[in-house]
Amino acid sequence: MQTEKKIGILLIIGALGVLIPYIILTIIFDYPDILRQETGVILTKFHEGGNRLIWTWWAFAILGLPLIVAYILLGQKLEPKFSFVRWVTTLGVIGLLVQLIGLLRWTFVVPVLANNYINGNEMTKAASKVGFQIVHQYGGVVLGEHIGQLFTIVWTVMISYAFAKLKLFPKWTTWLGYTSSFIYTFAQTELFATVMPTFPVIDMAGFVGSTLWIIWLIVIGVILIKTKID
């Protein structure tokens, strides 16, 4: 199979693999709005979700793995033309991996905390809430959302720049990459607000930015299926 076609297919599969579980989580877990609720409410709702919710979180983490292969193959294809692609690919892969690690807390850590919160005594309940806050702040905010999103944004901007230089893609695809990255950056305001409550938050930046980014991935994937990078 032509390398570009393989990259395109992997980008589409990976993007849909992220999008579909995300949509399911918004329906069965009120994600991401649930994260703004009190810790006890989150743990209770998670426990009520049972195994179905645990498997959905696992799928959300794992089904994006094709993107890692796509990043690497795309990097190998572009590196002879742009020297910066090597470090950009490294950042992109790291960004995906830390988001994977962050998401898997919902599969292997949060179920234990939720079970302890529901079935434990008052001391256990209090400890479970603190445990969740620590794991969520580090695994979710620090790794998945801060480092993961920032590295993904850098990868998107630089790959969009490389595509623009190659002139193999319509200009609007480049601007879609830039625009999604610009909006996605403002999702970081919500992270800083977790430690500085008065920090101004742009609520829809994460949803809009990530949605446009997934659309960009799918568009690039479709184009690469029909395009050869010489």
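We did not get these values from a lab; they are worked out from the coordinates using the rules stated. Please read these numbers as outputs of a predicted model, since none were measured by experiment. Here the Cβ positions follow ideal geometry from the backbone for every residue, glycine too, while neighbour counts run over all protein chains shown.
Rounded, prolate or oblate, given the Cα gyration tensor of the range 61-170, with a/c below 1.5 counting as rounded? If you can, show how the numbers build up before the last one.
Values: a/c = 4.44, a/b = 3.38, b/c = 1.31.
Prolate shape, in that a/c is at least 1.5 and a/b is the bigger ratio.
Taking 0.36 nm per residue of separation and subtracting the current Cα-Cα distance, fully stretching the chain between Trp172 and Ala126 would add 11.4 nm. For the range 55-126, what does the alpha-carbon gyration tensor say about shape, rounded, prolate or oblate, given a ≥ b ≥ c as the root eigenvalues, a/c under 1.5 as rounded, and a/b over b/c as prolate? Prolate is the answer for the range 55-126, as a/c is 1.5 or above and a/b outweighs b/c.
Computed from point charges on the beta carbon alone (+1 for Lys and Arg, -1 for Asp and Glu), the dipole magnitude for the range 106-230 about its Cα centre is near 500 Debye.
Placing unit charges on each Cβ (+1 for Lys and Arg, -1 for Asp and Glu) gives the range 3-225 a dipole about its Cα centre, and among Leu100, Phe82, Pro200 the Cα reaching farthest toward its positive end belongs to Phe82.
Reducing the range 1-65 and the range 161-229 to their Cα centroids gives an inter-centroid distance of 19 Å.
Loop-located trypsin sites (Lys or Arg not before Pro) across the range 117-190 with a Cβ neighbour count of 12 or fewer within 10 Å are Lys167, with loop assigned by DSSP. Magnitude of the charge dipole for the chain, about its Cα centre and with charges confined to Cβ atoms of Lys, Arg (+1) and Asp, Glu (-1), is about 860 debye. Fewest neighbouring Cβ atoms within 10 Å first, the residues Asp230, Asp30 line up as Asp230, Asp30.
Overall size of the range 39-81 from C-alpha positions, given as principal axis extents largest first: 52, 20, 5 Å.
Place a point 7 Å from Cα of Ala193 in the direction of its Cβ. Which residues in the range 11-34 have their backbone N less than 17 Å from it? Flagged as within label range: 31-34. Modelled spin labels at Val222 and Ile118, positioned 7 Å past Cα toward Cβ, are 4.2 nm from each other.
May I ask which residue of Val130, Thr189, Ile153 lies farthest towards the positive end of the charge dipole of the range 87-198, with charges of +1 (Lys, Arg) and -1 (Asp, Glu) on Cβ and the Cα centre as origin? Going by the charge dipole, the pick is Ile153. Simple spin-label estimate for Glu79 and Ile23 gives 3.6 nm between the two label positions (7 Å along the Cα-to-Cβ direction from each Cα).
How high is the FRET efficiency from Tyr161 to Leu65, r the C-beta distance, R0 22 Å, rounded to 0.05?
On the way: r = 26 Å, r/R0 = 1.16.
With a Förster radius of 22 Å, E is 0.30.
Taking the range 3-225 as the region of interest, the number of lysine pairs whose Cα atoms are within less than 25 Å, with members eight or more places apart or on different chains, is 18. By other beta-carbon atoms within 10 Å, ranking Tyr161, Tyr138 with the fewest at the front produces Tyr138, Tyr161.
For the pair Arg86 and Glu38, the difference between a 0.36 nm per residue extended length and the Cα-Cα distance amounts to 13.0 nm. Return the tail of the calculated pair distribution for the range 3-225, meaning the percent of Cα-Cα pairs more than 33 Å apart. That fraction is 20 percent.
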